[in-house]
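**Q** Structure incoming, see below.
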Amino acid sequence: MNGWIDAHNHLQDSRLGNAEPLIAEMRRSGIRQCVVNATCEADWEKVENLRLAHPGLISAAFGIHPWKADTATDGWQQRLGDLLQQHPSASIGECGLDRWIASPDLRIQRAIFTDQLRIAHEMDRAVTIHSLKAWEPLFEVFQDQPPPSRFLMHSFNGSIEIAERLLPMGAYFSFSGYFLQSRKAKVVEVFRKLPADRILIETDAPDMLPPDEFIRFPLPEQHNHPANLVAIAEGLAAQLGWSCADLAEITSSNAQRLFSATS
């Protein structure tokens, strides 16, 4: 087994503190690569610096999260495009739509998301998408602005019917440890039905903390350590009836194919 790939985390998040000890623990635990996602313009330099410091481990994703859509400043699209030109291996993320929150308004979210999809499509970059209680608005955006040929639905908790609509568009789906809770059994059932060549695994650190039995690297204030990925993977493998070696091989191969420009 060549190691695990964390398809989505936020190592730049200030809640995690100094990333260097976390990165050392990730390496020791068997994680060989991760995709670090920005959430706003202020994150872009932080993510860039992490990528430059750890080019073999970290793949950069630059984007604007729907929760922070109202923080975008004039000219952000050009700056994002320029940054992507400087980093040919980077993807776009985290972006998307969220109706779980009241603000920013969905109209603002949609405008910011649509522009990121356009840039991803024009530059042929993979994009990582957040969608929470917003499936129909997501498909409406896709009608106006098709996604690029490959994209990740991160921490996917939609139905198999939603997944079947997304699969022909080029969607991949990542599983996070939070869904190992017994009350989230329906999410595991969806992952059992997904094509094996479209499944990835993620931590979403410092968020989406798994149940206690899958926390091998505790952090203060219930923050999720990215090195918990291996325990999360073991939990998912058991639920799917796969070996850990098979899950590592399959999800790593899928991540490399999805983020082929970010390997």
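The values are calculated or read from the model by the stated rules, or taken from the named source; none is laboratory data. Quantities reported herein were computed from a predicted structural model and do not represent experimental measurements. Neighbour counts are summed over all protein chains in view; Cβ atoms, including those assigned to glycine, are modelled from backbone coordinates with ideal geometry.
**Q** Considering only residues that are at pLDDT 95 or above and β-branched (Val, Ile, Thr), which ones fall in segment 55-102?
**A** Result: Ile58, Ile64, Thr71, Thr73, Ile92.
**Q** Name the residue, out of Ile112, Ile108, that is out of contact with any Asp or Glu (no Cβ under 7 Å at 6 or more places or on another chain), β-branched (Val, Ile, Thr) and over 15 Å from Leu166 (Cα atoms).
**A** Ile112
**Q** Continuing with the same structure: Which members of segment 109-134 meet the condition of being in contact with a Pro (Cβ under 9 Å, 6 or more places away or on another chain), of a type in the set (A, V, I, L, M) and either more than 17 Å from Gly170 (Cα to Cα) or touching a residue at least 60 places away in the same chain (Cβ under 8 Å) (or both)?
**A** Within segment 109-134, Ile112, Ala126, Val127, Leu132, Ala134 qualify.
**Q** Restricting attention to segment 81-108, report how many residues are out of contact with any Pro (no Cβ under 9 Å at 6 or more places or on another chain), assigned to a strand (DSSP E or B) and among the hydrophobic types (A, V, I, L, M, F, W, C).
**A** The number of residues fulfilling the criteria is 0.
**Q** Quick check on Phe259: is it aromatic (Phe, Trp, Tyr) and in contact with a helix residue (DSSP H, G or I) (Cβ under 7 Å, 6 or more places away or on another chain)?
**A** no
**Q** Can you confirm whether segment 62-83 contains a residue that is small (Gly, Ala, Ser), under 25 Å from Asn2 (Cα atoms) and crowded, with 16+ Cβ neighbours inside 10 Å?
**A** No, segment 62-83 has no match at all.
**Q** Can I ask one more? Every residue in segment 115-137 that is acidic (Asp, Glu) and not in a helix (DSSP H, G or I), please.
**A** If the condition is that a residue be acidic (Asp, Glu) and not in a helix (DSSP H, G or I), then Asp124 is the only one that fits.
**Q** Still on this structure, please answer the following. Across segment 1-51, which residue is farthest from Met208 (Cα to Cα) among those that are surrounded by 15 or more Cβ atoms within 10 Å (Cβ to Cβ) and of a type in the set (Ser, Thr, Tyr)?
**A** So the residue we want is Ser29.
**Q** Enumerate the helices (runs of 4 or more DSSP H) found wholly within segment 158-263, keeping only those where 2 or more residues are among the β-branched types (Val, Ile, Thr) and touching a strand residue (DSSP E or B) at 6+ places or on another chain (Cβ under 9 Å).
**A** 185-193, 229-240, 244-258
**Q** While we're on this one: Would a scan of segment 99-108 turn up a residue that is of a type outside the set (Val, Ile, Thr), surrounded by 17 or more Cβ atoms within 10 Å (Cβ to Cβ), farther than 26 Å from Gln256 by Cα and in contact with a helix residue (DSSP H, G or I) (Cβ under 7 Å, 6 or more places away or on another chain)?
**A** Looking for residues that are of a type outside the set (Val, Ile, Thr), surrounded by 17 or more Cβ atoms within 10 Å (Cβ to Cβ), farther than 26 Å from Gln256 by Cα and in contact with a helix residue (DSSP H, G or I) (Cβ under 7 Å, 6 or more places away or on another chain), one finds at least one in segment 99-108, hence yes.
**Q** Additional query: Within segment 9-21, how many residues are under 25 Å from Val127 (Cβ atoms) and of a type outside the set (Lys, Arg)?
**A** So the answer is 8.
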